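Written below as structure tokens is the structure these notes are about.
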Amino acid sequence: MQHSDQPFIELEKAKEAISAMESSESLGQFEEQWKEFLRRTERSWNKAQAHFGKSPKWSGWQGKVEQQRKSDELLLYLIQSRGAEEHTVNAISERQPGGIDINPASGNSLFIERMEIRNGQIVELRSPQAIRIDLLPPRIRLLPVTNRGRKYEVPTSHLGSRVDPTNVIAIAKTAYRFYEKVLAEAEAKFVG
């Protein structure tokens, strides 16, 4: 079987979408690149099936990958998110505004004697103990998706390892590595 660049080109475009998410200057840009990542990842797999499917041995080999795609939380969520994005009007993500997180510098409890906020700014904050204030940036949060009448929760695992459901870029990178490995294995087995 001859080599085809097509599955690899699509996967490279998925990787470019991850880079664009990392450097996006707005939540809108980030969200669009997430959707682009979903499209390109699935397109890469579809092109791999079209190309490697010419081999009579492909059907048996790809069955293992299809089983993972249907049973793994992360892979299944990505497939269904792309499907929901393409074929429904359901949201697959939401924009969350930033905020302020006020915690004790150590320990589990915090006593605040006085706090005054004006126009969204803390103008006075008094406490007898040390305080840690974290600014939380605005972000995109993945939503459970419904596709073809079935609901799919945001993934918390991939092939037995935990994934952070709040870290969209880490989820994308994890999926990218999976498909990168799958394409490399297919190329080695069917092209030689």
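The values are calculated or read from the model by the stated rules, or taken from the named source; none is laboratory data. None of these values were measured; they are calculated from a predicted model. Here Cβ is always computed from backbone atoms with ideal geometry, including for glycine, and neighbour counts include all displayed protein chains.
Some observations on this one:
- Filter result for residue 187 (in contact (Cβ under 8 Å) with a residue 40 or more places away in the chain and not in a helix (DSSP H, G or I)): no
- Of all residues in the stretch 118-174, those satisfying the criterion of being in contact with a strand residue (DSSP E or B) (Cβ under 7 Å, 6 or more places away or on another chain), within 30 Å of residue 18 (Cβ to Cβ) and part of a strand (DSSP E or B) are 134, 135, 136, 139, 140, 141, 142, 145, 152.
- The C-beta contact set for the stretch 124-144 (first residue among the acidic types (Asp, Glu), second residue surrounded by 12 or more Cβ atoms within 10 Å (Cβ to Cβ) and at pLDDT below 90, distance under 9 angstrom, 6+ apart or interchain) comprises 134/100.
- Hits in the stretch 29-44 (condition: touching a residue at least 60 places away in the same chain (Cβ under 8 Å) and more than 15 Å from the chain's Cα centre (by Cα)): 44
- Of the criteria (1) surrounded by fewer than 10 Cβ atoms within 10 Å (Cβ to Cβ); (2) more than 30 Å from residue 69 (Cβ to Cβ); (3) polar (S, T, N, Q), which one residue 161 fails: (2)
- Number of the exception - residue 70 against (1) basic (Lys, Arg); (2) under 13 Å from the mean Cα position of the chain (by Cα); (3) over 26 Å from residue 138 (Cα atoms): (2)
- Restricting attention to the stretch 82-122, the residues being within 30 Å of residue 149 (Cβ to Cβ) and among the charged types (D, E, K, R) number 5.
Each row is one residue, and each column tells you yes or no for (1) farther than 17 Å from residue 172 by Cα; (2) without any contact (Cβ under 8 Å) to a residue 12 or more places away in the chain; (3) in contact with a helix residue (DSSP H, G or I) (Cβ under 8 Å, 6 or more places away or on another chain).
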{"residue": "47", "(1), (2), (3)": "yes, no, yes"}
{"residue": "52", "(1), (2), (3)": "yes, no, yes"}
{"residue": "55", "(1), (2), (3)": "yes, no, yes"}
{"residue": "58", "(1), (2), (3)": "yes, no, yes"}
{"residue": "75", "(1), (2), (3)": "no, no, yes"}
{"residue": "92", "(1), (2), (3)": "no, no, yes"}
{"residue": "96", "(1), (2), (3)": "yes, no, no"}
{"residue": "112", "(1), (2), (3)": "yes, no, no"}
